[in-house]
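Here's the structure, in structure tokens; my notes come after.
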Amino acid sequence: MTTAGGKPPAASRVEMTEIVLPGDTNALGTIFGGKVMQWIDIAASVAGMRHSGGNVVTASIDGLTFLTPIHLGEIVLLQAQVNFVGRTSMEIGVRVEAEDPRTAARRYTTKAYLTFVAIDADGKPRPIAPLVPENDEDRRRCQDALARRDARLASRAARPALRDPRR
């Protein structure tokens, strides 16, 4: 699905469902944060691949907020989509909810924003189609993502260059 050389956010949407098993939990019976991060990275990668039409790599996790714990036996729903596209990179937002399988009650547990870069067969960044917002919600997400990008770039510019300690 393309629109005048670009793609709408809906073309990248991903929905994943997982269940929290005993090996996924800590001594408190709640899921390890790293397991949630893994699922977030997978959902976001698929969204990035759908938008870019090829391989992508995780460049950064710009925001990851755990709002409430996820418990053993709960169903985990992840929703991801592209929010903003640059020349070779894109921001992907992921929303995570937990569902109680007995009552079907859901709660918002985690949110994350990740930056991915599209790569070619040689592992080099490659240009990707622009994002074509279709409605006010898409436009708001794009503007919010642009603000996060600007803040990230400003923060990066303000930090001293990282140096290899072996030099």
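Bear in mind that the values in this text are calculations on the coordinates, not laboratory data. Owing to the predicted nature of the structure, the values given are computational and were not obtained by experimental measurement. Every residue, glycine as well, gets a Cβ built from its backbone with ideal geometry; the counts of neighbours run over all protein chains shown.
Remarks
- Rounded Å value of the spacing that divides the Cα centres of region 33-61 and region 126-156: 17
- Counting only residues at least eight positions apart within a chain, or on another chain, the lysines with an alpha carbon under 22 Å from that of K35 are K111.
- Only one residue of L146, P22, P101 has its Cα farthest out toward the positive end of the dipole of the chain, where Lys and Arg carry +1 and Asp and Glu -1 on Cβ, and that residue is L146.
- Here's how it looks for E74: its modeled amide H is under 5 Å from those of V20, which are all 5 or more places away or on a different chain.
- The chain: C-alpha gyration tensor shape, a/c 1.5 cut-off, then a/b vs b/c: oblate
- In Hz, Karplus ³J(HN,Hα) per residue of region 50-56 (6.51, -1.76, 1.60; θ = phi - 60°; x = Gly, Pro): 5, 6, 7, x, x, 6, 9
- Options A47, V117, L77, ranked by Cα towards positive dipole end of the chain, top entry (Cβ charges): V117
- Degrees between helix 136-158 axis and first principal axis of the chain (Cα, 0 to 90, nearest 10): 70
- Each of the peptides 78-88, 6-16, 102-112, 141-151 was scored by the mean count of other Cβ atoms within 10 Å over its residues; in descending order, highest first, they stand as 78-88, 6-16, 141-151, 102-112.
- Net dipole in debye of the chain [+1 Lys, Arg Cβ; -1 Asp, Glu Cβ; about Cα centre; nearest 20]: 720
- Estimated 222 nm signal from helices in the chain, with DSSP H stretches of n ≥ 4 weighted -39500 (n - 2.57), rounded to 500: -9000 deg cm²/dmol
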